[in-house]
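The values are calculated or read from the model by the stated rules, or taken from the named source; none is laboratory data. All figures in this text were calculated on a predicted structure; none of them were measured in a lab. No Cβ is skipped: glycine too gets one built from the backbone with ideal geometry, and neighbour counts run over all protein chains shown.
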Amino acid sequence: MNQRAAFRATNSQCGSPLAWRINYFNPTAEKITGFYAEDAVGMYCDDVFKITGSGSGNALRQAINEGVDVHNREYEITDINGRKIPVICSTSAFRGERGEVMGGLEIFKDITELKILQEEIVKREKKYRRIFEGSHDAIYTSTLAGDILDVNQAGVDMLGYPNKDELLKIGQANRLYKNIKDREKFIALIDRDGYVKDFEVDFCRFDGSPIHALVSSRRYENPETDVVEYEGII
């Protein structure tokens, strides 16, 4: 639901934000809450939204007490059928000529789909992390400049480092190459084709001993940072 709901309330008891009664309720507010406007108008805000914790009432109270608009406050409301609905709101308080509180306006949006998407992203990230850390092959990511961004435990073990932090501390990936020309050849191939497969190379382990390996890697642009990165399997 992309439309935004809105309601307006007036203070029936001077100075008491808990006593605000609704005097405007738009169609989207009806859809989200399940209340018809003809029923909601005249009701107390708390009776319509049934909010507990830091919700609409506190957003209105903050707008009143601090004299500022409140933007993007997230909370849950309970609709007429008892269903919990996550929303995001922005609130403003209206004042009279002498500064007295006359009422308030709140615009809010159902963010159920956003919350579901966020939960799905978290699940996928956890799944990716399990695959990344559980793989018996070494998996890494690095920048175009050669900075190592991440490596899994198999990579740490293969290169003989005591832990991931020690491996990441080396900074530049070229310090892992026994022959720096292999790194230059690797970069030239992946920049030309966008990937390399089974590239033969000798790396230096933590104790200085060499280890022969095959590297398959691809070049891509991170959509979050717009930085060119390499990711691969050794």
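Would you confirm, using the coordinates I've provided, whether Phe49 is among the aromatic types (Phe, Trp, Tyr), in contact with a Gly (Cβ under 6 Å, 6 or more places away or on another chain) and at pLDDT below 85? Full working, then the answer.
Details: among the aromatic types (Phe, Trp, Tyr): yes; in contact with a Gly (Cβ under 6 Å, 6 or more places away or on another chain): no; at pLDDT below 85: yes.
So Phe49 fails the test.
Could you check the range 20-53 and list, in sequence order, the residues that are part of a strand (DSSP E or B), within 16 Å of Ile77 (Cβ to Cβ) and among the aromatic types (Phe, Trp, Tyr)?
Trp20, Phe25, Tyr44
Looking at (1) among the charged types (D, E, K, R); (2) modelled with pLDDT of 90 or more; (3) touching a strand residue (DSSP E or B) at 6+ places or on another chain (Cβ under 7 Å), which is the only condition Glu221 fails?
The single condition Glu221 does not satisfy is (2).
Taking the conditions exactly as written (assigned by TED's automatic domain parsing to the domain that holds Ser217, within 23 Å of Asn222 (Cα to Cα), touching a Ser or Thr at 6+ places or on another chain (Cβ under 8 Å) and surrounded by 18 or more Cβ atoms within 10 Å (Cβ to Cβ)), does Ile139 satisfy them or not?
Numbers: assigned by TED's automatic domain parsing to the domain that holds Ser217: yes; within 23 Å of Asn222 (Cα to Cα): yes; touching a Ser or Thr at 6+ places or on another chain (Cβ under 8 Å): no; surrounded by 18 or more Cβ atoms within 10 Å (Cβ to Cβ): yes.
It is false that Ile139 is assigned by TED's automatic domain parsing to the domain that holds Ser217, within 23 Å of Asn222 (Cα to Cα), touching a Ser or Thr at 6+ places or on another chain (Cβ under 8 Å) and surrounded by 18 or more Cβ atoms within 10 Å (Cβ to Cβ).
Can you report the number of residues in the range 87-105 which are crowded, with 16+ Cβ neighbours inside 10 Å and either modelled with pLDDT of 90 or more or more than 12 Å from Ile32 (Cβ to Cβ) (or both)?
Of the residues in that region, 9 qualify.
Sort out which residues of the range 119-157 are more than 20 Å from the chain's Cα centre (by Cα), more than 15 Å from Leu176 (Cα to Cα) and charged (D, E, K, R), and write them in order of number.
Glu133, Asp137
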